[in-house]
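> Let me give you the structure first, and then I'll get to my questions.
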Amino acid sequence: MSAHAVEPVLPSSSSAPPLASDAIPGERQSRWFWVAFVLAWFGSGIAQGVASVAIPQLLKEWNPDQATGDLSIVLTLGGAAVLVTTPIFGRVSDRSMSRLGIRRPWILSGAVIALIGYGIQATAPSLLLLGTGTVLVLVGWGAISMTVHTLFADQIRRSIRAIMSAVTGAATALGILGGVSLSGVVAATGQAGMFLIPGGLSALLALLLFFALKDIRRTAPAAPLDWRGVLATFWLSPRRYPDFAWAWMCRFFMTASIVSVTSYLYLTISGRFAIDDPAAIAAVQTQATAAFTLMNLVMAFVFGVISDRTKRRKPSVVIGSLASAAGLVLAVSFGDIVWFLVGIAIVGAGQGAYIAADVALMTECLPSIEDAGKDLGIVALAYLLPGILVPVFGYFATRIGSPTGENFAALYMGAVVMALIAAFSVTRVKGVR
C-alpha cells in the first residue's frame, strides 16, 4: 500500500463536506505538500514560457512568411486534443480505485506524456512532427493542470483559497518569466536544448507533487456510468447551475483575452517593431514578461488578501478584467516599445487581480464536492477552448489588411472585447459575493 494512500474517501454524497463550509475531504498535508503544490504551478508556468518562445522561434526559422499561420495550426491541433482529454482525466480521477489515490496517477502520467512530447519537439524536422510533440506536451500538462486545480477543492480550505490562488498565480507568472528567459539562454544549444532543458525541468517540478501529496483514496466503487453520465463529463446545465455557467464564461473570455496576447507575443514584437534578430526579439519579450510578472505578483497578493478578508470574489475579477482591457488598449495604441511595455505591465496588474479570486470563485460555484474532478474538468474547458479558438481567431484577425498575418492591432482589440465580456459575465453570478 502506498504511504500516500489515506482514508478520507467519498463513497457517498453524505460523507462530503458542504461546499459552503471550510471543511475539506482531504487529509491534513505536510509542509512539503505546500512547497510541491506551488512548484507544480511554477513548472506549469515554465512550460507556458517554453511554448511561447521555442515554437514560434523554430517556425520563424523554418518559414518566416508562414510562421503566424503555422503557429495557429500547431496550437489549434494541440488545443483540440487537450480539450477532449482533460475533462475525461477529471471524470476518471473522481472514480479511480488506484492504490496511489485518485489524483496522483494523473500527475505521474501527465509528466511522462509531456516528457515524451518534449523529446519529439526537440528532434522534429517538420511541422507535422512538431505538432505531434506539441499535442503530447499539451495533453500531458492537461492531466497535471486538472489535478492541481482539483486539489483546490480536495485540499485547500475555503477561507484561504483566494490567497492560495494568488500564490499559485504568482508562481505561474514567475514560471512563465523563467521559461521565457531560460529558453532565450539555451537557444544557442539548438532545437534540442530549447525544448528539453526547460521542458524537462517543468515536468520534474510537477513530479515533486506526486511524491508530496497525501491523496484521497476511494474504497467503494463509483456507480456505473451510462451514456448520460459520459456526456455529463463535458456538460453542466446552465439552467440548473447558472452561477457556474456565468463563472465559466468569465474564465473562458478572460483566458481567451490573455491567450491572444501570449500566444503571439514573440511574433507581435517581431512584426510590430520590425525586429528580425531572434536574440533581440527574446530580449524585448523577456522585458515584457518581466513587467507583466512584477505587476501580476504585486496585485495578486494585494487582491488575494482583500478577497479572503472581505469574502468577496467578484470585485477582484471585475477590476482585473477592466484593467487588463485598459492595458491592451495602451499596448496597441502606440508604436513605441516603452508604451508597449507599460501596457503589458497594466495587463499584468489586471491579471494579478483576476487570478487572486478566479479559482476561489470557480470552486465556490461547483455543484458538488463528490464530482469535483469532473466539474473542474469542465472548468478546464474554459481555459482549453481558447487554445483552439484563439489561433483560429488570430489567423483571420492578423490577416485583416495584411496577407502575411501581421495585423496584431486587430488581434489586441479582439482581446480587449473579450476582457470586457469577462467583466460583465462575473457580475451575473448571484451565489458568490
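> Starting from the stretch 278-358, pick out the chymotrypsin sites (Phe, Trp or Tyr not before Pro) whose DSSP state is loop and whose Cβ has at most 14 other Cβ atoms within 10 Å. Each step should come with its number before you reach the end.
Details: sites: PHE292, PHE301, PHE303, PHE334, TRP339, PHE340, TYR354; in loops: PHE334.
Those satisfying the criteria are PHE334.
> For the chain, list the DSSP H helices whose alpha carbon atoms reach 24 Å or more along the long axis and whose average Kyte-Doolittle value is 1.0 or above? Intermediate results must be reported in sequence, preceding the final value.
Details: long enough: 31-62 (46 Å, 0.87); 67-95 (42 Å, 0.88); 104-123 (30 Å, 1.04); 127-155 (41 Å, 1.38); 161-185 (35 Å, 1.34); 191-212 (33 Å, 1.89); 242-262 (30 Å, 0.89); 278-310 (46 Å, 1.09); 314-333 (29 Å, 1.52); 337-363 (39 Å, 1.72); 372-397 (37 Å, 1.48); 408-427 (30 Å, 2.08).
Once both thresholds are applied, what remains is 104-123, 127-155, 161-185, 191-212, 278-310, 314-333, 337-363, 372-397, 408-427.
> Would you please give the residues with an amide H less than 5 Å from that of ILE216, counting only those at least 5 places away or on a separate chain, with H modeled from the backbone geometry?
Excluding prolines and chain starts, which carry no amide H, the hits are ILE102, ARG103.
> Using Cα springs under 10 Å in a Gaussian network model of the chain, which residue among ALA47, ALA274, ALA326 shows the largest mean-square fluctuation?
ALA274
> Here's a follow-up. Where does the chain land at 222 nm, in deg cm²/dmol rounded to the nearest 500, when only DSSP H runs of n ≥ 4 count, each adding -39500 (n - 2.57), divided by all residues?
Values: 14 runs with 318 residues, N = 433.
After summing the helix terms and dividing by the residues of the chain, the value is -25500 deg cm²/dmol.
> For the chain, set up a Gaussian network in which alpha carbons nearer than 10 Å are linked by springs, and say which option among SER72, SER159, SER145 fluctuates the most.
With Cα springs under 10 Å in the chain, the top fluctuation among SER72, SER159, SER145 is at SER159.
> Quick one, can you get me the convex hull of the C-alpha atoms of the chain expressed as volume per residue in Å³?
On the way: hull volume 54.6 nm³, N = 433.
Spread over its residues, the Cα hull of the chain gives 126 Å³ apiece.
> Could you give the radius of gyration (one decimal) and Dmax (whole number) of the Cα atoms in the stretch 68-226, in Å?
Cα radius of gyration and Dmax of the stretch 68-226 are 17.1, 54 Å respectively.
> Give the peptides 60-68, 311-319 in descending order of average Cβ contacts within 10 Å, highest first.
311-319, 60-68
> Let me ask something else about it. Could you work out the mean projected area of the convex hull around the alpha carbons of the stretch 256-308, in square nanometres to one decimal? Let's see the in-between values first.
Working: hull surface 17.2 nm².
About 4.3 nm², averaged over all directions.
> Hey, what does the equivalent ellipsoid look like for the stretch 308-432, semi-axes from the Cα gyration tensor as sqrt of 5 times each eigenvalue, largest first, whole Å?
30, 19, 10
> Assuming a strict under-26 Å limit between Cα atoms, what lysine pair count do you get for the chain once near-sequence pairs (fewer than 8 apart, same chain) are dropped?
Values: LYS214/LYS374; LYS311/LYS374; LYS311/LYS430; LYS314/LYS374; LYS314/LYS430; LYS374/LYS430.
Final tally of qualifying lysine pairs is 6.
Computed from the coordinates by the stated procedures, all read-outs in this text should not be read as laboratory data. This one's a predicted model, so the numbers in the text were calculated from it and none came from an experiment. Glycine gets a Cβ as well: all are built from the backbone with ideal geometry, and neighbour counts include every protein chain shown.
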